[in-house]
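Following: one structure in structure tokens, then a few remarks.
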């Protein structure tokens, strides 16, 4: 029995299904990853969040055996980097790449899946049966015999998900799965990934779409220029941001900015900046300051609060804080 089979057959929940330890990788003079460490437990979705060029795809390529690290160690279901291209490992890992050029465009969706199922060692009958099952799961059953060259981008992405799920793998890597998909198609892909997670699959979900991880990911790692800037839960990520920011429309006599600044000064933990028109302001509140107290202080100073809305979501604010130039580099979980 191979290493992957031993882990899958044993107490898999006791150890990480996916683990990277101080992984670094350079391409010429460019360092894509700098001592990246993370762990994904079975039955969990771990979001890998970062802007373009952050190193997400490079890390996924290392964890799937498509390239090797310069330094550091990876373990996927007990197998190291040198064993990830074995047939045993290929059956245990599902991959949805960001740009998939590995399908045969002159074959139908069914024929493509059947081919890859046979490559994984399924018999002819098993390959056909399993291909129909996953085509049904991704909503492509009616297009099964349609030539892939006629598939839309969203249909091709769903077929890529279907192929990744062919062998019901205990590991699933997903790279920008919902990029360029309409909301309905993106929701369908997320539902399939949740279902795999619920069956015990360890999922690494790489994305730069920060809006999709709330209520979806169990944990998240934020990368910037190949460096881990944060690792923790989504609520912990939301708490990282310096302050909650609100766009406030104020009306009053005299220098509104000066009056508002004086009114908010006693609260502490409040920052105020003005827009060009002198009536719209950004009010940033730290966690300990209640919005209602700030509004009451402005009202008591004779200012009318005409509108007040949050400028951006907490996740977006945290993401920008962690990835913008000048952000602190020593963020740790929960801090």
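Read-outs throughout are calculated quantities, based only on the coordinates presented, and are distinct from any laboratory measurement. Bear in mind that the values here come from a model prediction, so they are computed numbers and not experimental data. Every residue, glycine among them, receives a Cβ derived from its backbone with ideal geometry; neighbour counts consider all protein chains shown.
Quick rundown of the values:
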item	result
Calculated log₁₀ intensity ratio I(q)/I(0) where the Debye formula runs over C-alpha points of region 12-125, q = 0.09, 0.12, 0.15, 0.23 Å⁻¹	-0.30, -0.52, -0.78, -1.33
Sequence of 288, 191, 176 once ranked by neighbouring C-beta atoms within 10 Å, starting from the fewest	288, 191, 176
Rh by Kirkwood over Cα pairs, then Stokes-Einstein D for region 180-301 at 0.890 mPa s and 25 °C, µm²/s	138
Exposure proxy order (Cβ contacts within 10 Å, fewest to most) of 124, 157	124, 157
Over region 242-311: Kirkwood hydrodynamic radius from C-alpha pairwise inverse distances, Å	11.7
Region 107-147: projected area of the alpha-carbon convex hull, averaged over directions, in nm²	2.5
Label point at residue 73 placed 7 Å out along Cα→Cβ; residues across region 26-52 whose backbone nitrogen lies under 14 Å	37-38
Contact order relative to length of region 242-311, as percent, for alpha carbon pairs under 8 angstrom and 6 or more apart	49
Proportion of all alpha-carbon pairs of region 109-263 beyond 23 Å (%)	52
Relative contact order of region 131-182, pairs being alpha-carbon contacts under 8 Å that are 6 or more residues apart, as %	41
Taking N as its residue count, the alpha carbon Rg of region 40-195 over 2.2 N^0.38 Å	1.04
Residue of 213, 45, 15 that the Gaussian network model of the chain assigns the largest fluctuation, springs spanning Cα pairs under 10 Å	15
Distance between modelled label sites at residue 26 and residue 307, nm, 7 Å Cα→Cβ extension	5.1
Where Rh is the Kirkwood radius over Cα pairs, Rg/Rh for region 59-98	0.93
Within region 114-148: backbone nitrogen closer than 19 Å to the residue 87 label point (7 Å, Cα to C-beta)	114-128
Computed over region 184-236, Kirkwood Rh from alpha-carbon pairs, angstrom	12.2
The chain - percent relative contact order, Cα under 8 Å, separation 6 or more	19
Size descriptor, Kirkwood hydrodynamic radius, that averages inverse alpha-carbon separations across the chain, Å	22.3
Nearest-0.05 FRET efficiency for residue 282 and residue 136, computed from C-beta distance (R0 45 Å)	0.35
